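Taking it in order: structure first as C-alpha cells, then the write-up.
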Amino acid sequence: MTDVIDHRRLLEEIDAEVRRRRESGDLPADFERELDLAFARFAPVHAIGDDFDQVVERAEQSAFVDVLAPTQSAQPLVGHVKRIIRKAIIWEVRYVAQQVGGFSVAITRAVRLLGRRVDALEEVAPPPARLRAAGATTASLDAGRWGPTVVAALEGVTGRVLHTECGDGALVALLAGAGFDAYGADPVEQAAPAGVEVRTDEALDHLNALPDGALGALVLSGCVERLPAGALTRMAVVAGAKVAEGGVVVVLSADPRGWERGRSPVDADLASGRPLRAETWAHLLDAQQFRSEVAAEFAVPDGETLQAVPGADPVLAANFALLNQLLFPPASYAVVASRR
Amino acid sequence: MSAIHQFLPTFAARDAIGNHALHVRQVLRGMGLESEIYAEGIPRPGRRDAHPYRSFGRKPAPGRTWLLYQLSTGSAVADFVRARPEPKLVNYHNITTASLFAPWEPHVAVECREGRRQLREMAGEVELGVAVSVFNEAELREAGYRDTAVAPVLVDLDGADVDADPEVSARLERGKRAGGTDWLFVSRVAPHKCQHDVVRALAAHRRLYDPHARLHLVGAAGSGAYVSMLERYVAALGLGGAVTLTGSVSAAALKSYYRAADVFVCLSEHEGFCVPVVEAMRLSVPVVAFASTALPETVAGAGVLLEAKDPLTVAAAVARVSTDDPLRAQLVAAGLRRAADFSLERSTRRFTEVIARFLADQGAP
C-alpha cells in the first residue's frame, strides 16, 4: 500500500460511481427534487428561490400569529415565571395578533389577486421564458448531428453537464454514453431514454435555481432560438455564474438568417424572439470570462442552393458561389466557450 | 514593560476564537509582555479570564502598548479599538458572507456586513494583519492590508487532560451494535455550515448504500431559525431516528463523538480555517469535505475534497471511504500528518515568530 493518495483518480472513480448509480435508476430521478421541495417547505422565504406560488404560500402560512409563546426552560423556576407572564399578558398579545394577522391575510390575498391578474396578462402576452416555439425539432436537438461536436468540446470536463431544452434527451444519452455525468432539462415533459435524467423545467428557471459553480458544462439549445435578446443576454450571465472554473458552455443554435428563411414573413416578424449570430454569442460569453470560438457550422444542403451549369464559365460559377453565400448562409452553428 | 492586549467582540472560553485568545495571551506573556483580554460579551465561564472592553483605561496605556483585535464579525469593540491612540494589530479569522445569513438571521447578516466594513476601514490603521490561513491572508490583502503574515489558530489538538465521556461513548457504542456507519460534523449549527446538505447526503447514502447510517451534528445553535428548520427537515425526510442534533457538548463528550465517528463530513459554504476538520484528522477520523473557501488549504490532500456537494456525490464518497479499507488507512495516516502541522507546539512557534519579528521591526525591546 502506498502512502500517497491519488486524489484525481479517486474523484474520477467517485464520479463514475455517481454516474453508474444515476444510470441504474437506483435513486428515483426526482429524489433530489423531493429533497429540495422538503427543504423549501421549512426554509425562510429568501432561501427558497423565486417560485411565486411557493413564496405566497409561505407568506400565507406566516400570516398566522401564534400567541402562545413557548415557556419551556431548563430551569423550572424560569419556566414557571414565563407561564405567569404569558397568562398575564395574553389578552393584549391576542388583541395585537388579531390586527397583525388580519393585515397579513389582507396583504397576501391582495398579492394572490395581483398574481391572477399577471397570469391573465401572461395568457395574452406570454413572457419570454414560457414561450415554446412550435415544432421543437430544431437542428440543436439532432443528437446524431451535434453529438461529435459537443463530445469534443467537453473533453476533460468534470462535474455535471446540463443540456437545456434537451427534448427527448437523445443528446443527454449520447453524452452519458461518452462518460459524462449528464442530465437534461426541458419545459415539455416527454419520455426520455432509459437511465437518462431529464427534469421538466424552463432553462432559465432551472439555471437560476442551481448554486453558483454547480456545473462542469452547459449545453444550450432550443431556448436560444426563441427567446428575445434580453433573455439571451441574461442567459449568458447566468451561464457565467453556474459553470465552474475550467468548465465549458456550448451553444447550439440556428443561424438567424437561415432561421428567417425557413419561416413565413409574418411568423418571422411576429416571433417573440429569434436566434443570435454566432459572433454575438461569442461576444456575450467572452464578457463572462469565457473564451469562445465557433466550433462547427452546418451549411444549407446542396439541393437547396443555386447550382452552376456544368461546364459554365468560371466567372459565372464564381458568381453563383457568391450568390449562394449571400442567399444561403450557414443553417446552424455551435459556439464553444471555455472558462478562462 | 511592553504590552499587547487583545480585544474580542465576544470571549467564549469554549469556542475556537476564545481558546485561541487564551493561548495567545499565554504566548505573549511568555515573551515577557503584559497581556490581558478585553471583550464586549463575556459569558459566565470566561469572566475570570477577560475584562469588559470599556474598562480599558481612557488614557493612552503607559509604556509601549499595542492592541491586538481578534476580527471575526462586526462589533462595537472594533470601533472602540480604532478610536484608541495605541498602534494596532489584527488577527483575522474571517467573516461569514452576509448573504448566507440574511434569509435566516437578518441581524447577524448586518453584523457580518459591519465586520467587512470594519475590516476594510482598519486596513490603513493597522501595523500588521495576522491571518489564520493563507485564504484569510488573501482577503486581508484585498482589503488593503500591506503588512500581513499567516499563523494558524492556536488550538490544543491533543486535549491531553480530557478523556472521552464514558456515558456518551456507551450510548454511541449501543447505536453501533445495530450496524451502520456513524457520520459526524462538528460546528455551530448555522446556515453557512450547511448541516442541511449533510442531512440530504445522508438521505441518499441510506437509500443507496447503508440504510442504518447515522449522523451526529455536534455544536451549539448559531441560528435559532436554522436549527428549527433543520429539525423539521430531518423529521420530514423520515430521518428522526438517524440524525442527532446534540447542541453544545462538553470537551469529553466531543471526544466520544470523534472516537465513535467513521467519517467526518463537512459541506460548509464558508470556513476561514475549520478547526473541527483538524480535530477529526488528529483523532484518526477520515474527512470528506466540500472544497469551499479555506477548506482546500486546511485539508491539504489529507481528506476527500469534493468539487460538488450534491447528495449522491457526497453519499458515494462516504461509501467509498467507509468500505475501502486501504484508502481509509491512507486517509487516516495523511490526516494525522496534516494535524501535526497544526499542533499547538508548531502553531505557537509560528505565532511567536510572527510577533517577535513584528516587535523587532517596531524597535521594541
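Only the coordinates and a few stated rules stand behind these numbers; no lab work does. It should be emphasised that the depicted structure is a prediction, and the values quoted were computed from it without experimental measurement. Positions of Cβ are generated from backbone atoms using ideal geometry, with glycine treated the same way; all protein chains shown enter the neighbour counts.
Things to note:
- Sorted ascending by nearby beta carbons within 10 Å, beginning with the fewest, A:66, A:255, A:26 become A:66, A:26, A:255.
- C-alpha center-to-center spacing [region B:247-288, region A:35-81] in angstrom: 30 Å
- Amide H contacts under 5 Å for residue A:298, placed H, 5+ residues apart: A:331, A:332, A:333
- Here B:355, A:85 are placed in order of increasing Cβ neighbour count within 10 Å, fewest first, which gives A:85, B:355.
- Within chain A, helix-based [θ] at 222 nm, where runs of 4 or more DSSP H residues each add -39,500 (n - 2.57), nearest 500: -15500 deg cm²/dmol
- Inter-label distance, residue B:58 to residue A:89: 3.6 nm, where each label sits 7 Å from its Cα along the C-beta direction.
- Antiparallel bridge percentage (DSSP; both residues within the protein assembly as shown; nearest 5): 20 percent
- Note: relative contact order over region B:117-186, using C-alpha pairs below 8 Å and six or more positions apart, is 25 percent.
- When the trypsin sites (Lys or Arg not before Pro) in region B:46-114 are filtered for DSSP coil states and for at most 10 other beta-carbon atoms within 10 Å of their beta-carbon, the remaining sites are B:48, B:58.
- Residues with amide H under 5 Å from that of residue A:198, placed H, sequence gap 5 or more: A:184
- Only Lys, Arg (+1) and Asp, Glu (-1) charged, at Cβ; chain A dipole about Cα centre in debye: 1520 debye
- Computed extension gain for residue A:29 through residue A:297, at 0.36 nm per residue and net of the alpha carbon distance, reaches 93.0 nm.
- For region A:241-247, putting each phi into the Karplus relation 6.51 cos²θ - 1.76 cosθ + 1.60 with θ = phi - 60° gives couplings of 7, 8, 8, 6, 4, x, x Hz, in residue order, rounded to whole numbers and with x for Gly and Pro.
- Each residue of region B:164-174 was assigned a 3J(HN,Hα) from its phi angle through the Karplus curve 6.51 cos²θ - 1.76 cosθ + 1.60 (θ = phi - 60°); the sequence is 5, 6, x, 5, 5, 4, 5, 5, 5, 5, 4 Hz, with glycine and proline shown as x.
- Residue A:209-residue A:263 pseudo-label distance in nm [points 7 Å out on the Cα-to-Cβ vector]: 2.8 nm
- Extension gain, residue B:47 back to residue B:110 (0.36 nm per residue minus Cα-Cα distance, nm): 20.0 nm
- Tensor-based shape of region B:166-341 (alpha-carbon gyration tensor, a/c under 1.5 rounded, otherwise prolate or oblate): rounded
- Computed E for residue A:305/residue A:188 - FRET, C-beta separation, R0 22 angstrom, nearest 0.05: 0.10
- Spacing of the two label points (7 Å from each Cα toward its C-beta) at residue B:14 and residue A:52, in nm: 4.9 nm
- If R0 is 22 Å, the Cβ-Cβ spacing of residue A:105 and residue A:45 corresponds to a FRET efficiency of close to 0.85.
- Relative contact order computed over region B:166-341 (Cα-Cα under 8 Å; 6+ residues apart), in percent: 24 percent
- Shape category assigned to region A:221-340 from the gyration tensor of Cα positions, a/c cut at 1.5: oblate
- Look at the dipole of chain A built from charges on Cβ: of A:262, A:103, A:151, the Cα furthest out on the positive end belongs to A:103.
- With 32 Å as the limit, the listed pairs A:242/B:193; B:59/B:193; A:87/B:255; B:176/B:309 have B:59/B:193; A:87/B:255 beyond it between alpha carbons.
- Scalar couplings 3J(HN,Hα) for region A:8-21, obtained by applying the Karplus form with A = 6.51, B = -1.76, C = 1.60 to θ = phi - 60°, are 4, 5, 4, 5, 4, 5, 5, 4, 5, 5, 4, 4, 4, 5 Hz; x denotes Gly and Pro.
- Helical mean residue ellipticity (222 nm; -39500 (n - 2.57) per DSSP H run of 4+; nearest 500) of chain B: -13500 deg cm²/dmol
- Centre separation in Å (Cα based) which lies between region A:196-227 and region A:298-340: 33 Å
- Per-residue extension of 0.36 nm, minus the Cα-Cα distance of residue B:121 and residue B:34, leaves a gain of 28.6 nm for this segment.
- The relative contact order of chain A, computed from alpha carbon pairs under 8 Å that lie at least 6 residues apart in sequence, is 14 percent.
- Crossing angle, helix A:76-124 versus chain A [Cα axis fit, 0-90 degrees, rounded to tens]: 30 degrees
- When both region B:82-138 and region B:1-75 are represented by their alpha-carbon centers, they are found 17 Å apart.
- Chain B - charge dipole about Cα centre, Lys and Arg +1 at Cβ, Asp and Glu -1, debye rounded to 20: 440 debye
- Estimated FRET transfer efficiency when R0 is 30 angstrom, pair residue B:300-residue B:167 (beta carbons, to 0.05): 0.25
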